[in-house]
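For reference, the structure is listed below as structure tokens.
The values are calculated or read from the model by the stated rules, or taken from the named source; none is laboratory data. This one's a predicted model, so the numbers in the text were calculated from it and none came from an experiment. Cβ placement follows ideal geometry from the backbone for every residue including glycine, while neighbour counts extend to all protein chains displayed. Heads up: the accessible areas ignore ligands, DNA and RNA and are worked out on the full protein's heavy atoms, side chains in. Shrake-Rupley method; radii C 1.70, N 1.55, O 1.52, S 1.80 Å.
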Amino acid sequence: FTTEIQLKQDPLEIVNEVKLLGVIISNDLKWHKNTSYLTKKVNKKMRMMHIAAKFTRNREHLKHIYKTFIRSNLEFSSTVWHSSLSVADRQDLERIQKAAVKVILGKDYVDYTQALSDLNLESLDRRREGMALKFVKNSLNNANFSKLFPLRRVQHDMKFRMSEKYLVNCSKTRRYKDSAVPFLQGLLNKDNVEKKKDLKRLFDYDSSVSSGKRKRLEQRKLVNYVSNVDVIT
């Protein structure tokens, strides 16, 4: 069984892999070759940073070069493939940023975690997840994309503390479960739960502050009452 795919009314030839809009898609729906392509492409551009580091030690200038010419390539179309990356693929991509921050900090480099803190950068894995969340939130405002993220409907009136707001597609295989659409649906639910927790913490803080103010006012009233009684006596 084969699927005929047409692009501008021309049938696409069945191949093992194809480069579509700058992304390498293989017939096994894995992203090793795309990751390898990105890392090779970006490693060539790392020479630019090494050359620039010989003329300037300004961290902001070097960081700007990294963001513009290197990180932007590592994150190209990341919303499509981020959720399906293997551990090895994630490490290969992260290793490039680790090499970049070493160049930026030079002798001041201690370890990767401290370097990210000093340069006010996020790990690529965490940054890709944030970009995916931003993308799916913007997609909710698009009539065509919003159909992929329907609200979860229940047949009862019971309310659960951590109920999922959006419907997540059922998956029989791990490959589909880790693919883009189910991952983005789950990401929306995760963000919704985090918002509820933040809101609860805010209410708890407000209630604790108000109770604290109430106690202080009662103490002040008691002190004033005792003082007035002492003056009268």
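Values as computed for the structure displayed
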{"item": "Filtered residue count, the stretch 106-132, keeping only those that are surrounded by fewer than 16 Cβ atoms within 10 Å (Cβ to Cβ) and either of a type in the set (A, V, I, L, M) or on the phi > 0 side of the Ramachandran plot (or both)", "result": "4"}
{"item": "Out of 75, 60, 94, 17, sole residue that is within 25 Å of residue 175 (Cβ to Cβ) and out of contact with any Leu (no Cβ under 8 Å at 6 or more places or on another chain)", "result": "17"}
{"item": "Subset of the stretch 40-62 [within 28 Å of residue 136 (Cβ to Cβ) and open to solvent by less than 20 Å² (accessible area, probe 1.4 Å)]", "result": "42"}
{"item": "Residue satisfying condition, being under 30 Å from residue 200 (Cβ atoms), part of a loop (DSSP other than H, G, I, E, B) and open to solvent by 90 Å² or more (accessible area, probe 1.4 Å), within set 141, 169", "result": "141"}
{"item": "Subset tally (residues that are in contact with a strand residue (DSSP E or B) (Cβ under 9 Å, 6 or more places away or on another chain) and not in a strand (DSSP E or B)) for the stretch 7-23", "result": "2"}
{"item": "Condition met for residue 106 (out of contact with any helix residue (DSSP H, G or I) (no Cβ under 6 Å at 6 or more places or on another chain) and either more than 18 Å from residue 90 (Cβ to Cβ) or touching a residue at least 12 places away in the same chain (Cβ under 8 Å) (or both))", "result": "yes"}
{"item": "Qualifying residues in the stretch 24-39 (those that are within 24 Å of the chain's Cα centre (by Cα) and assigned to a loop (DSSP other than H, G, I, E, B)) - the one surrounded by the most Cβ atoms within 10 Å (Cβ to Cβ)", "result": "31"}
{"item": "Residues (open to solvent by 20 Å² or more (accessible area, probe 1.4 Å), closer than 15 Å to residue 126 by Cα and in contact with a Phe, Trp or Tyr (Cβ under 7 Å, 6 or more places away or on another chain)) located in the stretch 89-105", "result": "98"}
{"item": "Verdict on residue 86 being open to solvent by less than 30 Å² (accessible area, probe 1.4 Å) and small (Gly, Ala, Ser)", "result": "no"}
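Residues are listed down the side, and each one gets a yes or a no for (1) in contact with a Cys (Cβ under 9 Å, 6 or more places away or on another chain); (2) at pLDDT below 65; (3) assigned to a helix (DSSP H, G or I); (4) not aromatic (Phe, Trp, Tyr):
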site	(1), (2), (3), (4)
145	no, no, yes, no
160	no, yes, no, no
184	no, no, yes, yes
201	no, no, yes, yes
228	no, yes, yes, yes
